[in-house]
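The values are calculated or read from the model by the stated rules, or taken from the named source; none is laboratory data. All values reported here derive from a predicted model rather than from experimental measurement. We place every Cβ from the backbone using ideal geometry, glycine too, and count neighbours over all the protein chains shown.
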Amino acid sequence: MNFAEVVLPLPLETFTYRIPAEMKVEVGSRVVVNLGRSHFHTGIVVEVHDRKPPYKTKDINACLDKHPVIRPPQVRFWKWIASYYLCKLGDVCHAALPSGFLPDGREWPFPEGSGYTPHYVTFVRIAENCRDEAKLSAVFDQLRRAPKQEAMLLRFLDLSHALNPADAREVSKKELQETDEATSSSVLDGLVKRGVLAYYRKAVPRGITPVCRTQPPHPLSDAQLAAHAAIIENFRTRDVCLLHGVTSSGKTELYIRLIADTLARGRQVLYLLPEIALTTQLTERLSKVFGEHLMVYHSKFSDAERVEIWNRLLRTEEPALVMGVRSSVFLPFHDLGLVVVDEEHENTYKQQEPAPRYQARNAAIVLASLHGGKVLLGSATPSIESYFNAKTGKYGLVELTSRYGDSRMPRMEVVDVRELRRKKIMRDTLFSPLLVKYIREALEKDEQVILFQNRRGFAPVVECKACGWTPRCPNCDVSLAYHRAHNRLECHYCGHIESLPSHCPSCGGADLQMYGFGTEKIEEEIGRLFPGAHTDRLDLDAVRSRMAYENILGDFAQGKTQILIGTQMLSKGLDFGKVSVVGILNADSLLNYPDFRAHERAFQLMVQVAGRAGRRERQGVVVVQTSQPGLPLIGMVCRGAYAEMAALQLAERKAFRYPPYYRLITTVFRGRQEEDVVEAAGIYAARLKEKLGERRVLGPVVPPVTRIQNLYLRQVILKLEASAALPPVWDVLAALRRDLQSLPAMKSLLLHYDVDP
Ligand code: ADP
Ligand code: ZN
Ligand code: ZN
């Protein structure tokens with residue numbers, strides 16, 4: 001074996017290098033190579049062979065690893081992603097590896113010992129001589145005159161459960177200080193000086209929540225036990241099973257049981273979650289059961305943390321549970337026995353930009369099959385595709401139709417907003433009297449309220465009353481939204497910001513009207529209607545600028561916030577006990593997207609948001625405000641009629657040739673000159689029709705937003721029968737792309753594919 005195929009983290013295919021005689025190189029080793037005449041790069045060996053290429057090859061300059069940093073199934077997985085999602089292997093390499101693994105070749109030779117540094121954390125425990133209750137109550141007597149220390153000690157006991165050893169967990173100094181760092185540090189020091197608490201330091205692997213003693217999973221209810229048995233039965237004959245369980249039916253408890261089963265057999269588990277659903281609440285729930293078997297992989301982690309988790313998995317063949325977001329499908333699993341895809345319908349599982357534009361749920365199914373593992377997809381509102389696969393027998397299907405314990409599904413009430421406006425009952429307000437009444441009652445009973453509007457900012461459109469002028473983004477073909485917090489206009493596509501003019505720049509008129517409404521406007525009106533209530537907002541702006549997502553949720557969980565107003569971020573599997581009212585302010589705005597999934601998605605969002613209500617003993621109520629109360633979809637949301645919605649959607653998808661009956665491959669053209677984009681897309685579409693048939697090609701299509709960040713867009717959509725063989729189609733696409741290179745218009749254009757958009 002004299003040659004190696006090396007992939008670099010660049011949008012390119014592999015390159016062949018010669019392996020010098022004295023060098024030991026394996027698949028998965030990192031190597032330093034020289035590309036063209038330019039500088040050095042680090043890459044990964046994906047194949048060693050002895051097929052001498054017809055040109056002169058360069059030698060590999062150095063091999064960085066004694067042992068490979070990726071495992072054999074991963075190479076196959078990368079190759080599958082690159083071929084299926086029509087991108088370069090280098091794109092996959094770039095997305096898969098923490099960048100710290102592939103140091104910049106310009107810095108070659110790399111300094112010794114760079115890379116791994118252990119991460120030390122200071123923890124707090126009760127000092128040796130204060131361990132028994134008598135001593136502890138004596139301490140509390142002493143602390144009467146030190147209320148801050150008293151409060152801190154209580155906080156420590158609360159977090160650590162030190163008085164209840166079965167439930168105890170380790171508490172870091174940082175965790176104790178979280179509320180206000182400066183003063184709390186001296187308060188803690190005071191308690192240590194008194195000999196009540198003590199510090200200790202230890203190295204903690206990143207991504208791990210320390211726990212002292214783990215607990216067994218909760219016993220399952222009869223319905224959960226039946227579902228558990230049914231899933232196991234399905235896994236005998238199928239690799240994928242869909243768990244369709246209504247909100248709060250106890251799906252998470254079932255996952256926990258299946259994870260425990262798999263770990264007990266010595267295998268590894270991947271628990272995939274949409275980004276935003278990966279909360280402390282869930283991490284704690286899992287770490288209580290799985291202790292140090294649990295590793296968390298979040299996109300907010302630094303590169304060093306990613307490298308550390310990667311290395312830890314690479315070195316272990318032990319059972320392990322990784323809970324992570326989309327990109328954790330790339331981790332070096334040794335023996336994956338189970339993948340759980342929670343909230344499997346979430347569109348954030350699909351990476352939009354940049355390549356690889358992969359769907360992590362589908363990729364996880366391929367990944368599991370490479371390990372001979374099983375996949376459990378879970379949702380209260382499955383994607384139409386997964387549901388179809390389950391109904392047609394490709395996947396198993398297991399259903400949980402009622403909530404866990406005594407909690408009931410919320411009562412749904414529809415309010416006809418148009419009627420109320422016509423009767424002048426609702427004027428200049430976003431709230432129907434019914435919703436106001438429920439909110440008031442909830443506040444009186446010390447219960448909580450969630451208000452949902454899937455639009456951030458104050459108003460999406462501003463318009464001059466006199467001449468109809470609207471501010472638009474200079475870079476994108478959209479109007480600018482008004483944000484009250486900074487009193488400015490913003491583009492939600494490129495982030496462009498400008499101030500709100502005091503007068504219309506077109507006619508000088510002073511009357512600028514706001515149309516539509518977002519979360520900020522709801523917050524403002526709630527402030528007027530319920531001046532005493534504690535409200536908070538959960539949307540992209542709030543998460544970016546004020547407090548992190550976790551803090552907003554933490555305050556809500558602790559009851560500090562009474563009314564939480566937010567966008568779709570609210571819909572992600574949050575489990576709060578005291579929410580009795582959910583308001584969907586404008587159901588109509590969810591329905592009017594020009595996308596074949598619009599109705600499916602509207603149903604999912606509304607049912608998921610509604611599912612936050614009444615998750616314990618008391619039944620919750622959901623108010624759906626709409627100007628089209630007669631729409632069948634609204635009725636289905638209210639009845640929780642998923643199967644009916646799915647049947648209707650499937651009929652439409654079949655009639656209009658959309659997934660799951662057809663597979664879509666979109667080719668996207670982008671460029672600064674609109675004529676070039678139009679010309680290239682036109683020629684491409686025509687040739688594609690010649691090669692694959694008129695019926696299968698749609699376009700060029702003008703997308704709803706025709707220009708983003710100064711790039712004009714056109715799409716050509718290929719609709720293939722689900723049974724069509726893909727490799728011949730890939731060949732056609734590749735050949736066409738090569739042909740197109742000779743076109744002058746193509747010179748300045750970008751072209752990419754989006755498979756299963
Ligand atoms: P889902 O994931 O279906 O929305 P969860 O698993 O979050 O539902 O369950 C809803 C609530 O019911 C949670 O607070 C959970 O702790 C509780 N729960 C569910 N199953 C059990 C069980 N077997 N024992 C105790 N509590 C349970
Ligand atoms: Zn004007
Ligand atoms: Zn813009």
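For the stretch 510-526, check the following and say yes or no: at least one residue is free of Cβ contacts under 8 Å to residues at least 24 places away in the same chain and within 16 Å of ligand 2 (Cβ to nearest atom). Full working, then the answer.
Taking the stretch 510-526 and keeping what is free of Cβ contacts under 8 Å to residues at least 24 places away in the same chain, we get 510.
Now narrow it down to the ones that are within 16 Å of ligand 2 (Cβ to nearest atom): 510.
Checked the stretch 510-526: at least one residue is free of Cβ contacts under 8 Å to residues at least 24 places away in the same chain and within 16 Å of ligand 2 (Cβ to nearest atom).
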Is there a residue in the stretch 408-419 that is within 16 Å of ligand 2 (Cβ to nearest atom) and in contact (Cβ under 8 Å) with a residue 12 or more places away in the chain? no
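With respect to Cys87, determine if the residue is in contact with a strand residue (DSSP E or B) (Cβ under 8 Å, 6 or more places away or on another chain), modelled with pLDDT of 95 or more and not in a loop (DSSP other than H, G, I, E, B). Quick ask: steps written out before the conclusion?
On the way: in contact with a strand residue (DSSP E or B) (Cβ under 8 Å, 6 or more places away or on another chain): yes; modelled with pLDDT of 95 or more: yes; not in a loop (DSSP other than H, G, I, E, B): no.
Criteria not met by Cys87.
Listed here are the residues, each with its yes/no results for (1) surrounded by fewer than 17 Cβ atoms within 10 Å (Cβ to Cβ); (2) small (Gly, Ala, Ser).
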residue: Leu585; (1), (2): no, no
residue: Gly614; (1), (2): no, yes
residue: Ser627; (1), (2): yes, yes
residue: Phe656; (1), (2): yes, no
For Met409, work out the one condition from (1) within 16 Å of ligand 1 (Cβ to nearest atom); (2) outside any loop (DSSP other than H, G, I, E, B); (3) hydrophobic (A, V, I, L, M, F, W, C) it doesn't fulfil. (2)
Among the residues in the stretch 685-697, are any out of contact with any Lys or Arg (no Cβ under 7 Å at 6 or more places or on another chain) and under 17 Å from Pro757 (Cβ atoms)? yes
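So for the stretch 441-462 (the condition being among the hydrophobic types (A, V, I, L, M, F, W, C) and over 25 Å from Thr429 (Cβ atoms)), does at least one residue qualify? Explain how you work it out, then say what you get.
If we filter the stretch 441-462 for residues that are among the hydrophobic types (A, V, I, L, M, F, W, C), which is where we start, we get 442-443, 449-452, 458-459, 461-462.
Now drop any that are not over 25 Å from Thr429 (Cβ atoms), which leaves none.
No, every residue in the stretch 441-462 fails to be among the hydrophobic types (A, V, I, L, M, F, W, C) and over 25 Å from Thr429 (Cβ atoms).
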Pairs returned, first residue in the stretch 460-475 that is touching a residue at least 60 places away in the same chain (Cβ under 8 Å) and over 14 Å from Met514 (Cα atoms), second residue that is more than 9 Å from ligand 2 (Cβ to nearest atom) and not basic (Lys, Arg), beta-carbon separation under 6 angstrom, 6 or more apart or interchain, are Asn475/Cys494; Asn475/His496; Asn475/Gln709; Asn475/Asn710
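Hey, can you tell me all the residues within the stretch 284-299 that are in contact with a strand residue (DSSP E or B) (Cβ under 8 Å, 6 or more places away or on another chain) and over 20 Å from Leu220 (Cα atoms)? Walk me through it before giving the result.
Pass one, the stretch 284-299, residues in contact with a strand residue (DSSP E or B) (Cβ under 8 Å, 6 or more places away or on another chain): 286-287, 290, 293-298.
Scanning the stretch 284-299 gives His293, Leu294, Met295, Val296, Tyr297, His298.
Being closer than 27 Å to Gly583 by Cβ, at pLDDT below 95 and more than 16 Å from ligand 1 (Cβ to nearest atom) narrows it down to one of Tyr493, Tyr549, so name that one.
Values: Tyr493 fails: closer than 27 Å to Gly583 by Cβ.
None of the other options fit; the residue is Tyr549.
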Of Pro9, Pro68, Pro103, which residue is in contact (Cβ under 8 Å) with a residue 60 or more places away in the chain, touching a helix residue (DSSP H, G or I) at 6+ places or on another chain (Cβ under 9 Å) and assigned to a loop (DSSP other than H, G, I, E, B)? Pro9
Could you check how many residues of the stretch 258-291 are surrounded by fewer than 19 Cβ atoms within 10 Å (Cβ to Cβ) and not small (Gly, Ala, Ser)? 8
Starting from the stretch 695-713, take each residue that is at positive phi and list its partners that are assigned to a loop (DSSP other than H, G, I, E, B) and away from ligand 1 (no atom under 16 Å from the Cβ), counting only C-beta distances under 7 angstrom and pairs at least six apart or across chains. Gln709/Asn475; Gln709/Cys476; Gln709/Cys494; Asn710/Asn475; Asn710/Arg672
Of the residues Gln281, Gln224, Gln268, only one is within 16 Å of ligand 1 (Cβ to nearest atom), modelled with pLDDT of 90 or more and on the phi < 0 side of the Ramachandran plot; which? Gln224
Select, from Leu650, Leu633, the only residue that is more than 21 Å from His752 (Cα to Cα), in contact with a Phe, Trp or Tyr (Cβ under 8 Å, 6 or more places away or on another chain) and buried (at least 20 other Cβ atoms within 10 Å of the Cβ). Leu633
In the list Pro72, Pro68, which residue meets the criterion of being crowded, with 18+ Cβ neighbours inside 10 Å and closer than 27 Å to His371 by Cβ? Pro68
Any chance the stretch 463-472 includes a residue that's away from ligand 2 (no atom under 16 Å from the Cβ), in contact with a Gly (Cβ under 9 Å, 6 or more places away or on another chain), not assigned by TED's automatic domain parsing to the domain that holds Asn710 and not aromatic (Phe, Trp, Tyr)? no
Every residue in the stretch 155-167 that is over 18 Å from Gly195 (Cβ atoms) and of a type in the set (A, V, I, L, M, F, W, C), please. Leu159, Leu163, Ala166
Here is a check on your reading of the model: is Gly508 over 30 Å from Tyr438 (Cα atoms), loosely packed, with under 13 Cβ neighbours inside 10 Å and away from ligand 3 (no atom under 15 Å from the Cβ)? yes
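I'd like the residue in the stretch 476-489 that is without any contact (Cβ under 8 Å) to a residue 40 or more places away in the chain and touching a Lys or Arg at 6+ places or on another chain (Cβ under 9 Å) and, out of all such residues, is nearest to ligand 3 (Cβ to nearest atom). Explain how you work it out, then say what you get.
Within the stretch 476-489, the first condition is being without any contact (Cβ under 8 Å) to a residue 40 or more places away in the chain, and the residues that meet it are 479-482, 486-489.
Filter again for touching a Lys or Arg at 6+ places or on another chain (Cβ under 9 Å), leaving 479-482.
Working: Ser479: 10, Leu480: 8, Ala481: 11, Tyr482: 15 Å.
It comes out as Leu480.
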Considering only the stretch 278-317, how many residues are closer than 26 Å to Glu253 by Cα and either assigned by TED's automatic domain parsing to the domain that holds Val171 or assigned to a helix (DSSP H, G or I) (or both)? 16
Against the condition near ligand 2 (Cβ under 10 Å from one of its atoms) and outside the structural domain of Asn592 (by TED's automatic domain parsing), how does Cys491 come out, does it pass? no
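Working only within the stretch 106-121, note down all residues that are modelled with pLDDT of 70 or more and either part of a helix (DSSP H, G or I) or within 34 Å of the chain's Cα centre (by Cα) (or both). Please lay out each step first, then the result.
Of the stretch 106-121, the ones modelled with pLDDT of 70 or more are 106-110, 120-121.
Passing the criteria: Arg106, Glu107, Tyr120, Val121.
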Given (1) within 30 Å of the chain's Cα centre (by Cα); (2) away from ligand 1 (no atom under 16 Å from the Cβ); (3) aromatic (Phe, Trp, Tyr), number of the condition Phe556 does not satisfy: (2)
Testing Arg455 on (1) free of Cβ contacts under 8 Å to residues at least 40 places away in the same chain; (2) crowded, with 16+ Cβ neighbours inside 10 Å, one condition comes back false. Which one is that? (1)
